[in-house]
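Comments concern the structure below.
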Amino acid sequence: MDIYIKEFYQQPSDDFPSGNFHQVIALNEAPDIPWDVISRQVPKLKKGWYELAHLTAQDRIEFTRDFWLATLPYYPHLQEFVVRFFNSLDDIGIYLTQKQYDDEFEAQMVYSVANNGGFFRGFSPADETEMSEFQKSFPDHIFPPDYIAFMSIHNGFCKATDSTGIFKVEHMLEQFRAFQSMIENMGGTVTTERGIVVNPKTLIPFYESFGMPFFQCFWSDWYPQNVTGMGNVYFSVTSKTVSDPLNYEDASSLNMSFTTFAKWLMFYLERIA
């Protein structure tokens with residue numbers, strides 16, 4: 001497992017007073033905690049995650065890979081990419097964290113890339129109620145089915161110690177409003193890289209780059225041909241521009257415009273912070 005994972009998940013002690021969490025339970029290292037005990041302590045923990053934590057590292061990787069493959073819709077190259085991504089891992093751990101003394105515990109699935117190649121953190125899947133409330137918050141928008149499917153795998157996902165990453169669905173409306181307020185404070189004008197004016201209210205951020213004013217946004221004025229749902233574009237606060245899918249014959253990572261969420265996700269997983 002990546003050497004920085006244990007460092008990130010350390011809790012305060014006499015030796016490490018600056019720990020990131022008040023309490024941490026590495027569930028895959030605590031096989032004797034019964035389900036009825038841990039489920040009371042961490043009500044949002046999925047039993048499937050609890051059972052996964054008690055398997056071998058290789059079984060954890062394979063079972064999780066198969067769940068991704070069964071859950072994500074088919075797109076060209078996506079399934080092959082998922083297999084390659086999981087082949088790059090040396091472990092998957094389940095960590096239960098409590099930020100402050102009175103906080104609820106949160107479950108995180110940690111994907112460790114082999115040879116200390118970094119790690120990703122995924123949060124508990126969104127349930128039906130959370131997804132329903134999310135859809136009600138944006139009634140006039142068709143979100144891509146691959147994005148909806150990914151939220152049923154991880155409701156929130158990020159690289160390493162990133163505190164932002166892909167937003168949780170219950171935070172999307174709040175993030176959208178904060179994003180609109182930020183643009184208004186910057187003067188309210190947004191253009192593509194070619195200078196075409198963009199209505200900022202058509203941009204719905206789903207990802208924020210940690211420590212930098214960059215977002216990936218669904219764009220409700222762009223419904224690419226032959227796919228369901230909105231395409232997504234890159235927004236830079238510093239330049240007040242969005243990437244322009246018309247700059248290239250095929251929108252891609254060349255200009256950070258992606259016709260599907262799956263294409264963006266593959267780009268994101270290929271680059272370890």
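The values are calculated or read from the model by the stated rules, or taken from the named source; none is laboratory data. For clarity, every value in this text was computed on a predicted model and none was experimentally measured. Positions of Cβ are generated from backbone atoms using ideal geometry, with glycine treated the same way; all protein chains shown enter the neighbour counts. Side chains included, ligands, DNA and RNA excluded: accessible areas come from the protein's heavy atoms. Shrake-Rupley method; radii C 1.70, N 1.55, O 1.52, S 1.80 Å.
Residue count for the range 126-155 satisfying the condition of being in a helix (DSSP H, G or I), open to solvent by less than 50 Å² (accessible area, probe 1.4 Å) and not small (Gly, Ala, Ser): 8. In the range 16-43, the residues that are over 15 Å from Val110 (Cβ atoms) reach residues that are part of a loop (DSSP other than H, G, I, E, B) and at pLDDT below 90 with C-beta atoms within less than 6 angstrom, at least six apart or across chains, in these pairs: Phe16/Gln10; Gly19/Gln10; Gly19/Gln11; Gly19/Pro12; His22/Gln100; His22/Tyr101; Gln23/Gln11.
Looking at the range 98-117, is at least one residue touching an Asp or Glu at 6+ places or on another chain (Cβ under 9 Å) and at positive phi? Yes, that holds for at least one residue. Just one of the listed residues (Gly187, Gly165, Gly211, Gly195) is buried (at least 21 other Cβ atoms within 10 Å of the Cβ) and either more than 19 Å from Ile142 (Cβ to Cβ) or in contact with a Ser or Thr (Cβ under 6 Å, 6 or more places away or on another chain) (or both), and it is Gly165.
Among the residues of the range 77-87, is there at least one that is in contact with a Leu (Cβ under 7 Å, 6 or more places away or on another chain) and part of a strand (DSSP E or B)? No, the range 77-87 contains no residue that is in contact with a Leu (Cβ under 7 Å, 6 or more places away or on another chain) and part of a strand (DSSP E or B).
Restricting the first member to the range 99-110 and to residues that are open to solvent by 20 Å² or more (accessible area, probe 1.4 Å) and part of a loop (DSSP other than H, G, I, E, B), and the second to residues that are modelled with pLDDT under 95 and among the aromatic types (Phe, Trp, Tyr), the beta-carbon pairs closer than 9 Å and six or more apart or on different chains are Lys99/Phe21; Gln100/Phe21. Just one of the listed residues (Ile38, Ile94) is part of a helix (DSSP H, G or I) and open to solvent by less than 40 Å² (accessible area, probe 1.4 Å), namely Ile38. Counting residues in the range 64-75 that are in contact with a Gly (Cβ under 9 Å, 6 or more places away or on another chain), of a type outside the set (Asp, Glu) and closer than 23 Å to Asn28 by Cβ gives one or more. Out of curiosity, is Asp2 charged (D, E, K, R), under 21 Å from the mean Cα position of the chain (by Cα) and surrounded by 15 or more Cβ atoms within 10 Å (Cβ to Cβ)? The answer is yes for Asp2.
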